[in-house]
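See below for the structure under consideration.
None of the figures in this text is laboratory data; all of them are computed from the coordinates on show. Just so you know, these numbers come straight off a predicted model, no measurement behind them. When we count neighbours, we look across all protein chains shown, and the Cβ atoms used for this are built from the backbone with ideal geometry, even at glycine.
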Ligand SMILES: *Cc1c(COP(=O)(O)O)cnc(C)c1O
């Protein structure tokens, strides 16, 4: 068994066990294999090992790989910060954008969706920790942003995403995951038209088990599947 196959089995087992610890159905949790800086050969290996959804954080890097891999069997999600000038590419590449955090970006996605005659599925990224270096709408402004985006007719909000501050101790993320869960409940209680809060995208290699315990429906796992990233990838 290759490393990727073995790692994948382990991650899936951990997700299952985390779900069972809190009496959740493990099938509620979708694994997104994060392939930023991961070369095409390894992505092919992951496809053979059964990965169905990949996450990328840079549009042009993703486009290159998606074109080369050219598989109808897998889906791609955009999980990184999205620049307005890259929005024109997203409909042909991605099934879900995890990282919408401003009305300006949402407007551009809506405009472009209309041109492409598509409906854009998105998650709203919330900066629950308030760290200045993180993208995401503040938790104080999240509800208002969601209401504003809900009025755009070519966008469907499917849920929320967050990236907590990095901590060596995965337990450090738990409070931030709980906060995202609370925001979701608050939004749900408002019953905003055109807004679903089905998805909670939270948890990465170091803390996905905690995220599953706290209600994640999507975990974004890179290193635990593919090993340490090649930091020189972008320069090649
Ligand atoms: C890179 C990245 C991940 C995966 O990180 P790992 O620690 O390698 O699992 C998840 N989410 C986002 C937004 C990322 O950029």
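Observations on the structure shown:
- Residue list for the stretch 182-236, filter: loosely packed, with under 13 Cβ neighbours inside 10 Å and near the ligand (Cβ under 9 Å from one of its atoms): 228
- Residues that are in contact with a helix residue (DSSP H, G or I) (Cβ under 6 Å, 6 or more places away or on another chain), farther than 28 Å from residue 43 by Cα and more than 16 Å from the ligand (Cβ to nearest atom) do occur in the stretch 96-106, at least one of them.
- Residues of the stretch 40-68 that are closer than 22 Å to residue 6 by Cα and either assigned to a helix (DSSP H, G or I) or over 20 Å from the mean Cα position of the chain (by Cα) (or both): 40, 41, 42, 43, 44, 45, 46, 47, 48, 49.
- Test: residue in the stretch 168-176 that is in contact with a strand residue (DSSP E or B) (Cβ under 9 Å, 6 or more places away or on another chain) and either in contact (Cβ under 8 Å) with a residue 60 or more places away in the chain or buried (at least 23 other Cβ atoms within 10 Å of the Cβ) (or both): no
- The single condition among (1) in a helix (DSSP H, G or I); (2) within 16 Å of the ligand (Cβ to nearest atom); (3) crowded, with 19+ Cβ neighbours inside 10 Å that residue 77 does not satisfy is (1).
- Odd one out for residue 13, checked against (1) under 17 Å from the mean Cα position of the chain (by Cα); (2) loosely packed, with under 14 Cβ neighbours inside 10 Å: (1)
- Residue in the stretch 160-175 that is farthest from the chain's Cα centre (by Cα), counting only those that are within 15 Å of the ligand (Cβ to nearest atom) and closer than 20 Å to residue 30 by Cα: 170
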